[in-house]
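Please treat every number below as a calculation from the coordinates, not as lab data. Worth saying up front: this structure is predicted, and the values here are computed from it rather than measured. Methodologically, a virtual Cβ is constructed for each residue, glycine included, from the backbone with ideal geometry; neighbour enumeration extends over all protein chains shown.
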Amino acid sequence: MRPGGPAEGKVALVAGGTRGTGFAVARTLMRRGCHVFLNYAHDEGGAKEAVTALRGEGLPGTATALRSDITRPDALPRLLHGIRQHHDRLDFFVHSAVSFHPMDAADPAPEAMATDLTAALAPLVYGVRPLVRAMAGGPGRVVVVSSTGAQRVVPRYVGAGIAKAALEAQVRYLAVELAPAGITVNGVSTAKLDKGRAGDPALMRALAARTPAGRLTTPDDIAAVVALLCSDDARWIHGQVITADGGLTLRA
């Protein structure tokens, strides 16, 4: 997937694509020549800034922001209808939208936990059938962004952790049922990300020191794996959640 290579002219929808990991995914796919639609829920100013930044890099792909709350039942069908006004089909759908409310497992906040779960599952619960139609006639790729908190206990992460665990199960079930249609469904999981923002310096240094590769994972690291899973070379990978964390979770 290089500029001018197999991804040139492909069409991608990135949920949560205007910031963080989703923004990195959008930029990486644009570098490979994709027409990328960046979905966002509320922050119109941030979406405009994201699109302006991407267009300003002179990448071979294109960037367009589309506003819709991806957790609503009608969101993905409407987004896909808008995209298909300009393109015959959708090739890639990347789900990087996330909700996180800190809480303890023994003292949960039920409504906040339900919000986290909805953000993880709703896009593909409500959107899988229109996605299949939009990807008809050729190979399609669905990639979700997960977290190692789905498999390991992270302090005060129970709401998002349960949501991500459910999302990973959803990946496996959809992978089996969509494979005959030529659509692969996979995920990328990571631990603590270095997003370039101020955080707890001591914690960041400690995690980097524990990472065998010598630094924290960045959104660009995750985006590279997403792009790999969208490539033709990944056509035989179905229902897998690949951990990309520099080896951090290999430590005992």
From the backbone phi of segment 114-130, what are the Karplus-calculated ³J(HN,Hα) couplings (6.51 cos²θ - 1.76 cosθ + 1.60, θ = phi - 60°) in whole Hz, Gly and Pro given as x? 5, 5, 4, 5, 4, 4, 6, 9, 4, x, 8, 5, 7, x, 5, 5, x
Between G140 and residues 5 or more places away or on another chain, the pairs with built amide H atoms under 5 Å apart involve I183, T184
Most exposed first by the Cβ proxy, i.e. fewest other Cβ within 10 Å, how do F100, F23, F37 rank? F100, F23, F37
Could you tally the net charge around L248, taking each other residue with its Cβ under 12 Å from the Cβ of L248, Lys/Arg +1 and Asp/Glu -1? +2
Take every Cα pair under 8 Å in the chain that's 6+ residues apart, average their separations, divide by the length, and report that relative contact order as a whole percent. 19 percent
Among [x] 48, 39, 37; [y] 58, 43, 33; [z] 54, 39, 31, the value of Cα extents along the principal axes in Å computed for this structure carries the label [x]
Rounded to two decimals, the Rg over Rh value of segment 95-148 from Cα coordinates and the Kirkwood Rh reads 1.12
Once amide H atoms are placed 1.01 Å from N in the peptide plane, what residues at a sequence separation of 5 or more from A63, or on another chain, have their amide H within under 5 Å of its amide H? V36
Mind putting a number on the dipole of the chain about its Cα centre? Charges go on the C-beta only, +1 for Lys and Arg and -1 for Asp and Glu, and I need it in Debye to the nearest 20. 380 debye
Going by how many other Cβ atoms sit within 10 Å of their own, how do M103, M204, M30 line up, fewest first? M204, M103, M30
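If R0 is 25 Å, what FRET efficiency do you get for R215 and V153 from their C-beta distance, rounded to 0.05?
FRET efficiency, R215 to V153: 0.60.
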Quick one: angle between helix 44-56 and the longest Cα principal axis of the chain, in degrees between 0 and 90, rounded to 10, please. 70 degrees
As I understand it, the value is the acute angle between the Cα axis of helix 201-210 and the longest principal axis of the Cα atoms of the chain; what does it come to in degrees, rounded to 10? 80 degrees
Considering only the other residues whose Cβ falls under 15 Å of the Cβ of I183, what net charge follows from Lys and Arg at +1 and Asp and Glu at -1? +4
Mind jotting down the three principal axis lengths of segment 101-216 based on Cα atoms? Whole angstrom, largest first. 51, 37, 22
Residue-by-residue Karplus 3J(HN,Hα) for segment 188-193, coefficients 6.51, -1.76, 1.60, Hz, glycine and proline x: 10, 10, 8, 9, 4, 9
Exposure proxy order (Cβ contacts within 10 Å, fewest to most) of K10, K164, K48, K192: K48, K192, K10, K164
Which of A191, A26, A202 moves most in a GNM of the chain, Cα contacts under 10 Å? A202
With each run of n ≥ 4 DSSP H residues scored as -39500 (n - 2.57), what mean residue ellipticity at 222 nm is computed for the chain after dividing by its residue count and rounding to the nearest 500 deg cm²/dmol? -13000 deg cm²/dmol
